[in-house]
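S.K.: Structure incoming, see below.
The values are calculated or read from the model by the stated rules, or taken from the named source; none is laboratory data. Owing to the predicted nature of the structure, the values given are computational and were not obtained by experimental measurement. Note: ideal-geometry Cβ built from the backbone for every residue, glycine included; neighbour counts use all protein chains shown. Keep in mind that these areas ignore ligands, DNA and RNA; they rest on the heavy atoms of the full protein, side chains included. Shrake-Rupley method; radii C 1.70, N 1.55, O 1.52, S 1.80 Å.
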Amino acid sequence: MDTLISHSFPLLIFLIFSICVSATQFNIPRLGAHRKRFQNEPKAMSPSDQSQDFKTFFYTQTLDHFNYRPDSYATFQQRYVINFKHWGGSNSSAPIFVYLGAEGSLDEDLDVAGFLPDNAPRFKALLVYIEHRYYGKSVPFGSREEAMKNASTLGYFNSAQAIADYAGVLLHIKKKYSAERSPSIVVGGSYGGMLAAWFRLKYPHIALGALASSAPILYFHDTAPQVGYYTIVTKDFKETSESCYETVRKSWDEIRKVASRPNGLSMLSKTFRTCKPLKETSELKDFLDSLYTDVAQYDDPPTYPLRIDVLGKIFKGVVAYKGNRSCYDMDEYIRPTETNVGWRWQTCSEMVMPIGHGHKDTMFPPAPFDLNRFTKDCEGTFGVKPKPHWVTTYYGGRDLKLILHRFGSNIIFSNGLRDPYSTGGVLGNISDSVVAISTVNGSHCLDILPESKSDPQWLVMQRKSEIKIIEEWIAKYENDLLEFKEETHA
């Protein structure tokens, strides 16, 4: 659960985060396989509240996988959850479906990662969910306060360490349950989808294949347009309602005009029923920016929250999406939760995604991505400079599609084209086994969410296509095992 950090969060970073964060300065829209739950919404169930089929374990994980200094051998407890209900057992060579946790606690993933339990009976699969280091209960250095203390303790918080963690946990599980020959399929959504694709590339001997849902692996330096994300947000609104689009586009200047009047900020505070009086217009603009991107990114059928008549009026749109509250918290999207703070570190170190508003090509005021300003913000917060080229150096960048064609295999890249992050996704087949499945009306990570009777036919067909491909991977794997066994006994 994306919980608020209070006493367990270092005061200095809390103050810096609270003072410095601003969508106009520092807005890489959040990833995440599902829409964020806010304070007034029901909390996700903890594993103890969920089905008895979920069993929680902890693995003694190595802090640093990539050097041999004595302090790198330090360990921490990493949480993982297993569902044995439908597993055919190690003798059957039934597959292991592995959900790779991303920027948040594992608790919510158990609810929303529907692709695994929905298909477990068909495959007789063992289900494994692994939590990402520094999130949830998988925190090094004994406490969140120590782990988030400074750049030295945060230095072990990156994607390469995370996927090495997953490799260690998965090998441990295979050995523990005598399932060394059971093929593993890794599944992830959003940042987790990126991790799934990267895991298949880096650890092909451990994962037979990967389903990478809404994974913007091309949204890095020189591989994706800076304005792409907000262009899709604008397109979603414009296609839904031309008047809504025009209202939003004109509203920024109207907010500026009202704020310039005597008591203008007070008038805006009253109009938008803010919980605290506005101190500057950026508070309201940043809130609306985050709300619009949230609506577009998680615009799921059959309700399609974007398609509501009252969006013709900005505040009515806020009420329609958030519900009729006594007041609206302008800091709702930027509060220092474990996900917000953790993801900010990740974007300040390696996950530098150059997302900004272009000039006159979106319904938002111009705010192009400025790496110099971004770097100063990160240095001011954490004392480190971002490495905007590291992800593309480590995993592949400008020529990633060619690299995947030559060296990759068994990866499904699924995207919904209404998802703003699809602009950084792989949208075309790269080879016979590195394939793209895109849906015109799909949104962020929709295909890996739980099945519903109300699912549109195109979503049903998308999932069927993914299942068919995975079945083919497993069938080929079993044939390869048989051929290898015959050769060794010849």
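S.K.: Scan region 259-274 and give yes if some residue there is assigned to a loop (DSSP other than H, G, I, E, B) and of a type in the set (Lys, Arg), otherwise no.
M.R.: Yes: region 259-274 contains one or more residues that are assigned to a loop (DSSP other than H, G, I, E, B) and of a type in the set (Lys, Arg).
S.K.: Considering only region 163-206, state which residues are touching a residue at least 40 places away in the same chain (Cβ under 8 Å), more than 21 Å from Glu471 (Cα to Cα) and of a type in the set (Gly, Ala, Ser).
M.R.: Scanning region 163-206 gives Ala164, Gly168, Ser178, Ser190, Gly192.
S.K.: Name the single residue that is surrounded by the fewest Cβ atoms within 10 Å (Cβ to Cβ) among those in region 375-384 being in contact (Cβ under 8 Å) with a residue 40 or more places away in the chain and not small (Gly, Ala, Ser).
M.R.: Val384
S.K.: Next up: Can you pull out every residue in region 431-472 that is surrounded by fewer than 18 Cβ atoms within 10 Å (Cβ to Cβ), within 22 Å of Ala196 (Cα to Cα) and either in contact with a Leu (Cβ under 8 Å, 6 or more places away or on another chain) or of a type in the set (Gly, Ala, Ser) (or both)?
M.R.: Once the filter is applied, which keeps residues that are surrounded by fewer than 18 Cβ atoms within 10 Å (Cβ to Cβ), within 22 Å of Ala196 (Cα to Cα) and either in contact with a Leu (Cβ under 8 Å, 6 or more places away or on another chain) or of a type in the set (Gly, Ala, Ser) (or both), region 431-472 yields Ser431, Ser433, Ala436, Ser438, Ser465.
S.K.: Test Asp361 against the criterion of being open to solvent by 60 Å² or more (accessible area, probe 1.4 Å), modelled with pLDDT under 90 and within 27 Å of Ala164 (Cβ to Cβ), and give yes or no.
M.R.: no
S.K.: Can I ask one more? Among (1) modelled with pLDDT under 95; (2) open to solvent by 30 Å² or more (accessible area, probe 1.4 Å); (3) under 20 Å from Leu278 (Cβ atoms); (4) not hydroxyl-bearing (Ser, Thr, Tyr), there is one condition Ile308 misses while meeting the rest; what is its number?
M.R.: Answer for Ile308: the failing condition is (3).
S.K.: Then there is this: Under 8 Å between Cβ atoms, which residue pairs at least 6 apart in sequence (or on different chains) link something in region 465-481 that is closer than 12 Å to Ile185 by Cβ with a partner that is surrounded by fewer than 18 Cβ atoms within 10 Å (Cβ to Cβ)?
M.R.: Here the result reads Ile467/Arg122; Trp473/Ser433, each pair linking region 465-481 to a residue that is surrounded by fewer than 18 Cβ atoms within 10 Å (Cβ to Cβ).
S.K.: If only one of Leu100, Leu116 is over 17 Å from Thr339 (Cα atoms) and open to solvent by less than 40 Å² (accessible area, probe 1.4 Å), which one is it?
M.R.: None of the others qualify; the one that does is Leu116.
S.K.: Same structure again: How many residues are open to solvent by less than 10 Å² (accessible area, probe 1.4 Å), among the small types (Gly, Ala, Ser) and more than 27 Å from Thr339 (Cα to Cα) if we restrict to region 172-203?
M.R.: Matching residues across region 172-203 total 3.
S.K.: Given the conditions (1) in a loop (DSSP other than H, G, I, E, B); (2) open to solvent by less than 50 Å² (accessible area, probe 1.4 Å), which single one is not true for Lys387?
M.R.: For Lys387, the exception is condition (2).
S.K.: Considering each residue of region 351-374, count those that are touching a His at 6+ places or on another chain (Cβ under 8 Å) and touching a residue at least 12 places away in the same chain (Cβ under 8 Å), and give that number.
M.R.: The total comes to 6.
S.K.: State all residues of region 404-430 that are outside any loop (DSSP other than H, G, I, E, B) and either closer than 15 Å to Met194 by Cβ or touching a strand residue (DSSP E or B) at 6+ places or on another chain (Cβ under 8 Å) (or both); if no residue qualifies, say none.
M.R.: Hits for region 404-430 are Leu404, His405, Ile411, Ile412, Phe413, Ser414, Asn415, Gly416, Tyr421, Ser422, Thr423, Gly424.
S.K.: Yes or no: Glu146 of a type outside the set (S, T, N, Q), crowded, with 24+ Cβ neighbours inside 10 Å and touching a helix residue (DSSP H, G or I) at 6+ places or on another chain (Cβ under 8 Å)?
M.R.: Criteria not met by Glu146.
S.K.: Taking Gln50 as the residue in question, decide whether it is modelled with pLDDT of 95 or more and among the polar types (S, T, N, Q).
M.R.: No, not satisfied.
S.K.: Select from region 412-430 the residues that are crowded, with 18+ Cβ neighbours inside 10 Å and more than 18 Å from the chain's Cα centre (by Cα) and list them in ascending order.
M.R.: Listed by number, the list holds a single entry, Ile430.
S.K.: While we're here: I'd like the full set of residues that are touching a Cys at 6+ places or on another chain (Cβ under 9 Å) and not aromatic (Phe, Trp, Tyr), limited to region 380-435.
M.R.: Gly380, Thr381, Val384, Lys385, Pro386, Ser414, Gly416, Asp419
S.K.: Out of the residues in region 325-344 meeting the condition of being among the hydrophobic types (A, V, I, L, M, F, W, C) and open to solvent by 10 Å² or more (accessible area, probe 1.4 Å), tell me which one is farthest from the chain's Cα centre (by Cα).
M.R.: It comes out as Cys327.
S.K.: Ala207 - would you say it is open to solvent by less than 20 Å² (accessible area, probe 1.4 Å), small (Gly, Ala, Ser) and in a loop (DSSP other than H, G, I, E, B)?
M.R.: yes
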